[in-house]
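Q: Below: one structure in C-alpha cells.
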Amino acid sequence: MVFFEDHGVEEKESFETFTLINFNFPLHFHRAYELIIVNEGELFVRVDQKEYVLQKNDVAFIFTNQMHEFKTLNHSHISVIIFSPELIGHFFMNYKGSIPANNVIHLKETPNLQALHSIYHQKSFLYAICGNLVENTKLTPVEYSTKMKVFHKILLYVDTHYSYDCTLKAVAKHLQYDYAYLSKLFVHITNMTFTEYLTQYRISQACYQLKNSQQPIGDIAMNCGYNNLRSFHRNFKKITNFSPRKYRELS
C-alpha cells in the first residue's frame, strides 16, 4: 500500500488510520479529507499558504484538494485519518467548495481511534470534529489562482508518476506548458526545485513502506522510482540521517 496515494479517489465510504512517529511528508493533496492528530510532541503543518505548529491533542482538518505538508519538530507521535467525503455526506454537501479560515482545532483529550471499529462510531467521531470546526472558525469559498491550479496539476503528476521516470520536462510536455515557466513557478511556491521535491516525495513514500511492509529494500527502492540502489541509499540517508535498514529497525 502506498501512503496517501489515490485516497478518496473512488466515490465510496472509506476510513483509514495511520500512526506515524517522527514522520515528515512533503506537499501533496487528494480528494479525501484528512485529519492529523498530534498525540505527543510538536508538528509543523502547512495548509495551502497557512502555517501552523501543532501540539498535543491539536488536530489539523485538511479539506479536499487542499495542498498540505507536515514536518516533525524534534519529536512527534501522530495519528492520521484519511476518509472519503461520502462518509460525512451532509457536511460535504453543505461546505463543498469551501475551506476553513483556520484548519486547526483542539481536542480535550486524545481520541481512542481503536474504538472506532464500526462505520457508526466513525461517522459519530467525524461529525463531532466537523461540529467543533464549524463552531470555531469560518468556512469561506475557495479561490485558487491560475498559477495555483497549474501547481496542483504538477503535484498530481508527481503523485501518479513518481514510481517511474518523472521529470519536469515530462510534466511540461504533459501539461503543455513552458518548462522554464513551470520551473520558476515551482521554486516560487515551494522554495525548492522540482528535483528536490521529487526526491523528498519518493523518500517519504519509501519511509512509509519500510515501516508498514516487509518488502525487501531493493523492491521498495524500485517502487519509489529508483533503479539505482546506490542513489536510493544516498538520498535516503541525506534526508532521514539513517540508512533504510536502520530506519526500518527503529520503527
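Q: For residues that are open to solvent by less than 10 Å² (accessible area, probe 1.4 Å) and farther than 18 Å from Asn22 by Cβ, scanning just segment 42-59, find the one that is farthest from the chain's Cα centre (by Cα).
A: Top of the filtered list is Val59.
Q: For segment 91-123, give me each residue that is without any contact (Cβ under 8 Å) to a residue 60 or more places away in the chain, part of a helix (DSSP H, G or I) and exposed (fewer than 12 other Cβ atoms within 10 Å of the Cβ).
A: Correct list: Met93, Gln114, Ala115, Tyr120.
Q: Name the pairs whose Cβ atoms lie under 6 Å apart, with the first residue in segment 207-227 and closer than 20 Å to Leu250 by Cβ, the second buried (at least 21 other Cβ atoms within 10 Å of the Cβ) and among the β-branched types (Val, Ile, Thr), and 6 or more positions between them or separate chains?
A: Gln209/Ile220
Q: Continuing with the same structure: Going by the conditions given, is Thr195 surrounded by fewer than 14 Cβ atoms within 10 Å (Cβ to Cβ) and either at pLDDT 95 or above or in contact with a strand residue (DSSP E or B) (Cβ under 6 Å, 6 or more places away or on another chain) (or both)?
A: yes
Q: What's the number of the condition Ser84 fails, among (1) within 16 Å of Arg31 (Cα to Cα); (2) open to solvent by 10 Å² or more (accessible area, probe 1.4 Å); (3) out of contact with any strand residue (DSSP E or B) (no Cβ under 7 Å at 6 or more places or on another chain)?
A: Ser84 satisfies all of (1) within 16 Å of Arg31 (Cα to Cα); (2) open to solvent by 10 Å² or more (accessible area, probe 1.4 Å); (3) out of contact with any strand residue (DSSP E or B) (no Cβ under 7 Å at 6 or more places or on another chain) except (2).
Q: Another question, if that's okay. Mind listing just one residue for me: the one in segment 135-177 that is open to solvent by less than 30 Å² (accessible area, probe 1.4 Å), part of a loop (DSSP other than H, G, I, E, B) and not hydrophobic (A, V, I, L, M, F, W, C) and, of those, farthest from Phe63 (Cα to Cα)?
A: Top of the filtered list is Tyr162.
Q: Answer yes or no: is there a residue in segment 41-57 that is under 21 Å from Tyr127 (Cα atoms), among the hydroxyl-bearing types (Ser, Thr, Tyr) and not in a loop (DSSP other than H, G, I, E, B).
A: no
Q: Given the conditions (1) in a loop (DSSP other than H, G, I, E, B); (2) surrounded by 13 or more Cβ atoms within 10 Å (Cβ to Cβ), which single one is not true for Ile189?
A: (1)
Q: Hey, another quick one. Take the residues in segment 219-251 that are open to solvent by less than 30 Å² (accessible area, probe 1.4 Å) and more than 20 Å from Val158 (Cβ to Cβ); name whichever of them is modelled with the highest pLDDT.
A: For segment 219-251, the residue satisfying everything is Pro244.
The values are calculated or read from the model by the stated rules, or taken from the named source; none is laboratory data. Remember, it's a predicted structure, so these values are computed and weren't measured experimentally. Neighbour counts are summed over all protein chains in view; Cβ atoms, including those assigned to glycine, are modelled from backbone coordinates with ideal geometry. Surface accessibility is based on the protein's heavy atoms, side chains included, excluding ligands, DNA and RNA. Shrake-Rupley method; radii C 1.70, N 1.55, O 1.52, S 1.80 Å.
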